[in-house]
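Data first, discussion second: the structure below is written as structure tokens.
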Amino acid sequence: MEKYLEIIKNSYSGYWNYLKNEIIFPNNYDNYFYALIILSIAVWLLEIIFPWRKNQSIFRKDFWLDTFYMFFNFFLLNLLIFIALSNTAAQFFNDILAIIGLQISSFQLFDVDDLPRWLGLFIFFIISDFVQWNTHRLLHRVPFLWNFHKVHHSVKEMGFAAHLRYHWMEPVVYKTLLYIPIAIIGGFDAKDVANVHFFAIAIGHLNHANLGWDYGKLKYIFNNPKMHIWHHAKEMPEHVRFGVNYGLTLSIWDYLFKTDYVPQSGRDIELGFAGDEHFPKGFLKQEMYPIQTKR
């Protein structure tokens, strides 16, 4: 128990020092705090210059709520619980393996350090995106998980910051299911992984932005605003009632597994889910919704 308490303590102090340095020293080339701000402003400017829904306000419905979600989920959540929880859970998992005489390296298929750097990053990106695509499907198909995912689908007007409106339990689910597939490869450089992750954040911002882009032929590889708008459609045909277009960064999984659905321009479709008129509007009530609801 003392070991786990030490991990929790170090996680809190370590991330606090990291976040403090991010804010105080903006000149670091890998500063995530200011990189997120710059990225968000850049995509927001694209929305203003090239708006798809021209009657949508620059400060759309829930703009400030989504902006708060963006910083909460990207930074404050890590400080409050996620880093400590992740580090503790990883150690607990390793300890369980040790009890039965195993360690995570026992399952390691290969070490990406033995590969060219670009190939290692490509493998990491493909595996992580595929696992997250499957996890996203689970969020729609498992009622317990869907109650958490409703927070993200409560968006009624799309904009870049809607990307990071999600319940704090979602990254717990994503990281849990992603842990073993990534661990059995091993050897990833933390900064390289962070850069891949930030690339995914950039694509996610664009997917949710008020932009009418599909990237031409690249739409069959990368998720895009015209495709992702249908993922948020309130009314769907019965044969796709569990959802469509689950891709986070890549759209290729949806085309391969026949979960793609772009029947027409989705510019003016209603967003949300059945019964969303009764869904809480504020941050705290939305965070408490999955706990309070019985369905």
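The values are calculated or read from the model by the stated rules, or taken from the named source; none is laboratory data. The structure displayed is predicted, hence computed values, not measured ones. Every residue, glycine as well, gets a Cβ built from its backbone with ideal geometry; the counts of neighbours run over all protein chains shown.
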Exercise. Would you call Leu97 in a helix (DSSP H, G or I), at pLDDT below 90 and either of a type in the set (A, V, I, L, M) or surrounded by fewer than 17 Cβ atoms within 10 Å (Cβ to Cβ) (or both)?
Worked result: yes
Exercise. Restricting attention to the stretch 230-258, which residues are in a loop (DSSP other than H, G, I, E, B) and closer than 21 Å to Pro51 by Cα?
Worked result: His232
Problem set entry | Residue list for the stretch 33-50, restricted to those being more than 13 Å from His163 (Cβ to Cβ) and part of a helix (DSSP H, G or I) | Phe33, Tyr34, Ala35, Ile37, Ile38, Ile41, Ala42, Leu45, Leu46, Ile48, Ile49
Problem set entry | Residue in the stretch 186-202 that is in a loop (DSSP other than H, G, I, E, B), at pLDDT 95 or above and under 17 Å from the mean Cα position of the chain (by Cα) present | no
Seminar exercise, completed: Note on Asp30: of the conditions (1) assigned to a helix (DSSP H, G or I); (2) within 22 Å of the chain's Cα centre (by Cα), unmet is (1)
Seminar exercise, completed: Taking the stretch 13-43 and keeping residues in contact (Cβ under 8 Å) with a residue 12 or more places away in the chain and either surrounded by fewer than 16 Cβ atoms within 10 Å (Cβ to Cβ) or not hydroxyl-bearing (Ser, Thr, Tyr) (or both) leaves Gly14, Trp16, Leu19, Glu22, Asp30, Phe33, Tyr34, Ala35, Leu36, Leu39, Val43
Exercise. For the stretch 51-81, which residues satisfy the criterion of being among the hydrophobic types (A, V, I, L, M, F, W, C), surrounded by 18 or more Cβ atoms within 10 Å (Cβ to Cβ) and either over 23 Å from the mean Cα position of the chain (by Cα) or not in a helix (DSSP H, G or I) (or both)?
Worked result: Trp52
For this session: Say whether the condition of being in a helix (DSSP H, G or I) and within 17 Å of the chain's Cα centre (by Cα) is met by at least one residue in the stretch 83-92.
Result: yes
For this session: Would you tally the residues in the stretch 259-279 being without any contact (Cβ under 8 Å) to a residue 24 or more places away in the chain and either buried (at least 18 other Cβ atoms within 10 Å of the Cβ) or assigned to a loop (DSSP other than H, G, I, E, B) (or both)?
Result: 2
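Regarding Ile182, is this residue surrounded by 14 or more Cβ atoms within 10 Å (Cβ to Cβ), at pLDDT 95 or above and not in a loop (DSSP other than H, G, I, E, B)?
Taking the combined requirement at face value, the residue does not satisfy it.
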Seminar exercise, completed: Of those in the stretch 194-236 that are of a type in the set (Lys, Arg) and in contact (Cβ under 8 Å) with a residue 12 or more places away in the chain, the residue surrounded by the most Cβ atoms within 10 Å (Cβ to Cβ) is Lys226
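Here is a yes/no grid of residues against (1) under 20 Å from Arg165 (Cα atoms); (2) in contact with a strand residue (DSSP E or B) (Cβ under 9 Å, 6 or more places away or on another chain); (3) modelled with pLDDT under 95; (4) charged (D, E, K, R):
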residue	(1), (2), (3), (4)
Ala209	yes, no, no, no
Tyr220	no, no, no, no
Pro225	yes, no, no, no
Trp230	yes, no, no, no
Arg241	no, no, yes, yes
Val244	yes, yes, no, no
Gly247	yes, yes, no, no
Lys258	no, no, no, yes
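Starting from residues that are among the hydrophobic types (A, V, I, L, M, F, W, C) and crowded, with 19+ Cβ neighbours inside 10 Å, keep the ones in the stretch 146-172 and report whichever is farthest from Leu85 (Cα to Cα).
Met158
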Problem set entry | Members of the stretch 126-154 found to be polar (S, T, N, Q) and assigned to a loop (DSSP other than H, G, I, E, B), listed by number | Ser154
